[in-house]
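Read the structure below first, then the notes.
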Amino acid sequence: MKKRMTAMVIAAVLMLSACQNGEQAQTPTNTPTVTPTSEPTQVPATPTLEPTEVPAAPTTAPTKAPATPTVVPTVGPTEAPEETNLVLGEYIGMTLYDATQAEVDAKIKELLAGFVEYAEEDRPAENGDIANINYVGKLDGVAFAGGTDDSEEGTDLELGSGSFIDGFEEGLIGAVAGEVRDLELTFPETYHNAELAGKTVIFTVTVNHILSPSYPEVTDAFVSENLAEGMTAVQFRQTVYEELRWERLTAQVTEQLLAASVIKEYPEEQLLAEAESVINMYMMYAQYYAAMYGVDAGTMLQSMGFASEEALVTYAYAYAEYMVKTTMVMNEVAKQAGIVLTEEIYAERALEYAISYGYADVTSFEVDYEVSEIEEAILFDIVFEYIISKAIIIGEN
């Protein structure tokens, strides 16, 4: 499956970039602590395979993926559908938008992060620069949790990256080293932290220094030597494009299909299990990092964007509803389109998954991953492929 291969290549490049970061003395490494506008965890469009035991990282990446079987859905049922809790939206003839060249360029810059050289600038900050900053965010004159960085190393923020709330990065354009700026900003009404949602705050930002990035030229020699042996620059760009295309199209399909579909009544047991999984995951991370930094779990939850454990529970149930609805909708599309996951298709696709995850065969892959999760991931891929094949794609390259 080509998209699996592209994902694998990009993952390898990201890993390599992360290793390279440690060798760049001036490369920014700090993670912003200002709570983002989006929810703490980006909702995935496709199921994420979770191992029952964490497998060892692969030492080598495969150079070729198995051939992708052609899946031809059988004719859908002719009988009247039985009563269901789901009213499925239209999935034939969707209008979708392809990945743009600007998005491809931005992704390539991200993949080259480990090879960037930085120079300190004695000039006003420009879009694309890295501003090293300290900041204090206050609501009604009182500093709020997760809105302060007074550390000695500061936070490295790429202006224009969209990492902080709207207006924050824009407010630092033109700033110079040593300058202090007050930014009056408003959190979105839909912000996940109810205490900040829709509220106007003041960020007092100190600009410590400005860095400008210098990216390497992406030549055949550079790609082959540093990113993917034997791959040309043109092939690398195509690989990045194909992965972005898949991400963009599947995200649009998911968004449109869920918006057009209605769940009359959620299955309570499934909803509860999904929510508990999310809560347990966040609490595990909160407790782990709380012990590491010598604070309590509640403080760590606040730094993750949750005002309280109750706020985490609210988020977990909203996330659970999203995931349960996604599963129900995708399964219903498969049913109506007559898409069946046969043993032959499972064997070929599962092998592709296994290879991309660093396994030699499906049997060893199934030791660490639940077969039901692998089956669902494969089925979702096939459903996405079917819907995309029936869609009108604008800007297709």
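For the pair K390 and S214 in one chain, pulling the backbone fully straight at 0.36 nm per residue adds 59.1 nm over the alpha carbon distance. Is the stretch 192-342 rounded, prolate or oblate when judged by the Cα gyration tensor, a ≥ b ≥ c being the square roots of its eigenvalues, rounded requiring a/c under 1.5 and prolate requiring a/b larger than b/c? Since a/c reaches 1.5 but b/c is at least a/b, the shape of the stretch 192-342 is classed as oblate.
Can you give the Rg to Rh ratio for the stretch 279-336, taking only C-alpha atoms and Rh from Kirkwood?
Expressed as Rg/Rh, it is 1.22.
Surface composition of the stretch 286-339: carbon and sulfur make up 55 percent of the accessible area, probe 1.4 Å.
Is the C-alpha gyration tensor of the stretch 180-234 telling us rounded, prolate or oblate? Criteria: a/c under 1.5 is rounded; beyond that, a/b larger than b/c is prolate, otherwise oblate.
Oblate, since a/c reaches 1.5 and b/c is not below a/b.
When a/c reaches 1.5 or more, the comparison of a/b and b/c decides; with that in mind, is the stretch 286-375 rounded, prolate or oblate per its Cα gyration tensor? Oblate is the answer for the stretch 286-375, as a/c is 1.5 or above yet b/c matches or exceeds a/b. When the C-alpha to C-alpha distance is required to be over 29 Å, the pairs from K107/K199; K109/K199; K107/K390; K109/K325 that qualify are K107/K199; K109/K199; K109/K325.
Placing R0 at 30 angstrom, the Cβ-Cβ distance between E103 and Q235 gives a FRET efficiency of 0.95 after rounding to 0.05. What the stretch 280-397 shows is 48 Å² of accessible area per residue, with the surface traced by a 1.4 Å probe over protein heavy atoms.
If R0 equals 45 Å, the separation of the Cβ atoms of V176 and M292 corresponds to a calculated FRET efficiency of about 0.80.
The values are calculated or read from the model by the stated rules, or taken from the named source; none is laboratory data. Owing to the predicted nature of the structure, the values given are computational and were not obtained by experimental measurement. Heads up, the Cβs are rebuilt from the backbone with ideal geometry, glycines too, and the neighbour counts pull from every protein chain shown. Keep in mind that these areas ignore ligands, DNA and RNA; they rest on the heavy atoms of the full protein, side chains included. Shrake-Rupley method; radii C 1.70, N 1.55, O 1.52, S 1.80 Å.
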